[in-house]
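Here is the structure we will look at, set down as structure tokens.
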Amino acid sequence: MKGPEEKTLPEPVSYSPQRCLGRSRLVSLLAGLGAFALINGYFRGTEPTVYYALCSPHGTANIYTVDPDNTKVQCLVVKDERFLHTSAYAELQEKHPGIHIKFLQHNSIVIPGITDSHVHALQYGLQKQLPLEGAAGVLDAVAKVRAYIESDPAVLNNRSTFIEGWGWDTTKWSTERWPTAAELEADPVTRGRLIALRSKDAHGCWVSQKILDIMEPIPEKVDGGVIVRDSSGKPVGVFLDNARDLIPIPPPTEEVLLKRWDPVVKDAHAVGLTAIHDALLQPNTIDFFHKQALEGNLALRVYGMKYFDDKSPYWGNTTKKIIGAGGDRFTLRSAKFVVDGALRSRGAALYEPYSDDPTNRGSMRVEPGTLNKTIPKFLEDGWQCIHAIGDRTNGVVLDALGAALEHADVPAIRPRIEHAQIMDHKDIPRLGKTGVIASVQPIHAISDMWYAEHRLGPERVKRLYAFRSIIDAGARTALGTDFPVEDMRPLATFYAATTRLSYDGDSPHGRGGWFPEQRMTRLEALRGMTIDPAFASFTENILGSIEPGKRADFVVLSKDIMEMPAEEILKTEVLATVMDGVVVYGKV
Ligand SMILES: *[C@@H]1O[C@H](CO)[C@@H](O)[C@H](O)[C@H]1NC(C)=O
Ligand SMILES: *[C@@H]1O[C@H](CO)[C@@H](O)[C@H](O)[C@H]1NC(C)=O
Ligand SMILES: *[C@@H]1O[C@H](CO)[C@@H](O)[C@H](O)[C@H]1NC(C)=O
Ligand SMILES: [Zn+2]
């Protein structure tokens, strides 16, 4: 793979370096030739130099560096796309006479750029594009589809455009029944088009007549799926679970993916995100992100996990890793196994049956034997992995990881479990012992707390989202939201992790929080959204804190979330988001 500096490096006139010449060697060569002054020009093109300081008001130090000592400083200095210094105001005047200085507003603070360690970005974008969530019924949903078509001439004027929407929810409709292809056919604008609309819970898909026609002949039955039919046996246009696989949804083009990506970037910058870890990439989305990065179009840093489907051949030795493409914007070096399902749908694999379904203990989608065989291979080939929700899955995954890691260089591999939701007493200490990073989603805790005890019973539920126990066992946590499953706002994650309360300040255990002994401290939460995800994505040397030499990614917040009363955290505003020293949202 081409490195980013190779891509942007013009050939010096008097000297022809080999393509493989590293940047540092080239720098020293050019310096030796007395051409040092040219170097900035070579590497930065004709862009003006970015060089400024940002300081707290007189006598305060409101910049949380999140360095190893969690230092707070008065000023930071940005030169080009990196932090040059952090310092006190007096020292700044001395070292950088004449530098342009901006001042923070009273009470506002600066923290490093925030990472969401577990997202499904393009899924979020798809959901934003044609959202049907608020529809009051079938006709209202059809009206939303029509409005979407009418809003985009390229779609309106081309009846071959494939239209995808998301979020219909029959439980929210005035009459709870399945929608039909006939209802899309009844409207003159939606009629005769290729339309596929996913349900909010993602189990169902509602399609138009034109798609039904393409799908002929439709089979009688699908294992693990439902083809919804009318009283005469004719498919109405709704397909559930495995039956959805019958629907011929074309792979999205680059143009379609860009349309999904744009709202992700816009919303992410507005909430303070500068990086995301995308938890389920496929070859086409990997190519998409890689291309955008190389073209300088990737406005968020993306750390990718490539999906491993145990029915397909092993790819750890054939897929190329991508490290820091396009100025540290895109990396692919993690494998994602989806080993079990969710707690809500009782799909998480447990040691003991569900308390509210004694015949069911969930199921593993990948056999333990396969995990034992495949995980060591991925680790050996230099890939980070995996995903586990239920306590049984976490145990089995830790078995496989533990055996593989016994003789491995753990800091080089940084094994990581996505979710680590329910963990057995005996397994929590193994996280710390084996050096496995727990990638956890605090908002899940406050979403699930209302029903979790029904599923798990009064004892086992204590080991669900047991953040304190995980940290005390010596494990590192990286925090995420799983958006679009949960609220994208990192401040909501910060609030959930540190309070274990619903947004309105309540919990099944009252206003003191749900198992408050499992709360994270604010410092742990802040580190879990900045430097810990940087470590979990092998970027702690360039991202995750405000330290000289690192990329200048930072966020300005309206108030000090480290000091304020908990109930004000969610009222805090993101005033600005800065990447590589450049404001990408708001105003500094
Ligand atoms: C209409 O959309 C289809 C499918 O995206 C595309 O192949 C075709 O080129 C488009 N036609 C026009 C005239 O843009
Ligand atoms: C990759 O690994 C698989 C499974 O171990 C093996 O069958 C295959 O030959 C390997 N391919 C290459 C190119 O090394
Ligand atoms: C997987 O590996 C673990 C640890 O080495 C072992 O205890 C377990 O029996 C293995 N499971 C299978 C199905 O091979
Ligand atoms: Zn996920």
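The values are calculated or read from the model by the stated rules, or taken from the named source; none is laboratory data. Since this is a predicted model, take the numbers as computed values, not measurements. Note that we place each Cβ from the backbone using ideal geometry, even for glycine, and neighbour counts take in every protein chain shown. Surface accessibility is based on the protein's heavy atoms, side chains included, excluding ligands, DNA and RNA. Shrake-Rupley method; radii C 1.70, N 1.55, O 1.52, S 1.80 Å.
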Inset, instruction - Those residues that are open to solvent by 20 Å² or more (accessible area, probe 1.4 Å) and among the aliphatic types (A, V, I, L, M), I need them from region 402-429; list them, please. - result: 403, 404, 408, 410, 412, 413
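For every residue, the table says whether it meets (1) assigned by TED's automatic domain parsing to the domain that holds residue 305; (2) touching a strand residue (DSSP E or B) at 6+ places or on another chain (Cβ under 8 Å); (3) open to solvent by 20 Å² or more (accessible area, probe 1.4 Å); (4) in a loop (DSSP other than H, G, I, E, B).
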residue: 438; (1), (2), (3), (4): yes, yes, no, no
residue: 446; (1), (2), (3), (4): yes, no, no, no
residue: 485; (1), (2), (3), (4): yes, no, yes, yes
residue: 503; (1), (2), (3), (4): yes, no, yes, yes
residue: 508; (1), (2), (3), (4): yes, no, yes, yes
residue: 511; (1), (2), (3), (4): yes, no, yes, yes
Legend entry - Failed condition for residue 280, given (1) open to solvent by 10 Å² or more (accessible area, probe 1.4 Å); (2) modelled with pLDDT of 95 or more; (3) under 17 Å from the mean Cα position of the chain (by Cα): (2)
Inset, instruction - Go through region 245-262 and count every residue that is surrounded by 14 or more Cβ atoms within 10 Å (Cβ to Cβ) and either in contact (Cβ under 8 Å) with a residue 60 or more places away in the chain or within 16 Å of residue 163 (Cα to Cα) (or both). - result: 10
Legend entry - Number of the exception - residue 397 against (1) open to solvent by less than 40 Å² (accessible area, probe 1.4 Å); (2) out of contact with any Pro (no Cβ under 6 Å at 6 or more places or on another chain); (3) away from ligand 4 (no atom under 16 Å from the Cβ): (3)
Inset, instruction - Would you mind finding the one in 133, 91 that is farther than 30 Å from residue 197 by Cβ and away from ligand 3 (no atom under 16 Å from the Cβ)? - result: 91
Legend entry - Residue check for residue 237: outside any loop (DSSP other than H, G, I, E, B) and farther than 30 Å from residue 542 by Cβ: yes
Legend entry - Selection from region 533-550 of residues that are among the polar types (S, T, N, Q) and surrounded by fewer than 21 Cβ atoms within 10 Å (Cβ to Cβ): 541
Inset, instruction - Please go through region 307-326 and pick out each residue that is more than 16 Å from residue 371 (Cα to Cα) and either within 16 Å of ligand 1 (Cβ to nearest atom) or open to solvent by 20 Å² or more (accessible area, probe 1.4 Å) (or both). - result: 317, 318, 319, 320, 321, 323, 326
Inset, instruction - From the list 382, 432, pick out the single residue that is surrounded by fewer than 24 Cβ atoms within 10 Å (Cβ to Cβ) and within 19 Å of residue 477 (Cβ to Cβ). - result: 432
Legend entry - Per-region count, region 458-483, residues β-branched (Val, Ile, Thr) and part of a helix (DSSP H, G or I): 3
Inset, instruction - Those residues that are away from ligand 4 (no atom under 16 Å from the Cβ) and within 25 Å of the chain's Cα centre (by Cα), I need them from region 377-391; list them, please. - result: 378, 379, 381, 382, 383, 391
Inset, instruction - Sort out which residues of region 212-234 are in contact (Cβ under 8 Å) with a residue 24 or more places away in the chain and either part of a strand (DSSP E or B) or over 24 Å from residue 182 (Cβ atoms) (or both), and write them in order of number. - result: 228
Inset, instruction - All but one of (1) open to solvent by less than 30 Å² (accessible area, probe 1.4 Å); (2) within 16 Å of ligand 3 (Cβ to nearest atom); (3) out of contact with any strand residue (DSSP E or B) (no Cβ under 6 Å at 6 or more places or on another chain); (4) of a type in the set (Gly, Ala, Ser) hold for residue 369, so report the exception by its number. - result: (1)
Legend entry - Pair list, Cβ < 7 Å and 6+ apart or interchain, from region 151-166 residues that are in the same structural domain as residue 135 (by TED's automatic domain parsing) and under 13 Å from residue 189 (Cβ atoms) to residues that are of a type in the set (Gly, Ala, Ser) and surrounded by fewer than 16 Cβ atoms within 10 Å (Cβ to Cβ): 159/192
Inset, instruction - Could you run through region 455-472 and say how many residues are under 27 Å from residue 435 (Cβ atoms) and open to solvent by less than 50 Å² (accessible area, probe 1.4 Å)? - result: 10
Legend entry - region 355-366 - residue that is surrounded by 15 or more Cβ atoms within 10 Å (Cβ to Cβ) and of a type in the set (Ser, Thr, Tyr) and, of those, nearest to ligand 3 (Cβ to nearest atom): 363
Legend entry - Listing of helices (runs of 4 or more DSSP H) fully contained in region 129-211 that carry 2 or more residues being among the charged types (D, E, K, R) and buried (at least 21 other Cβ atoms within 10 Å of the Cβ): none
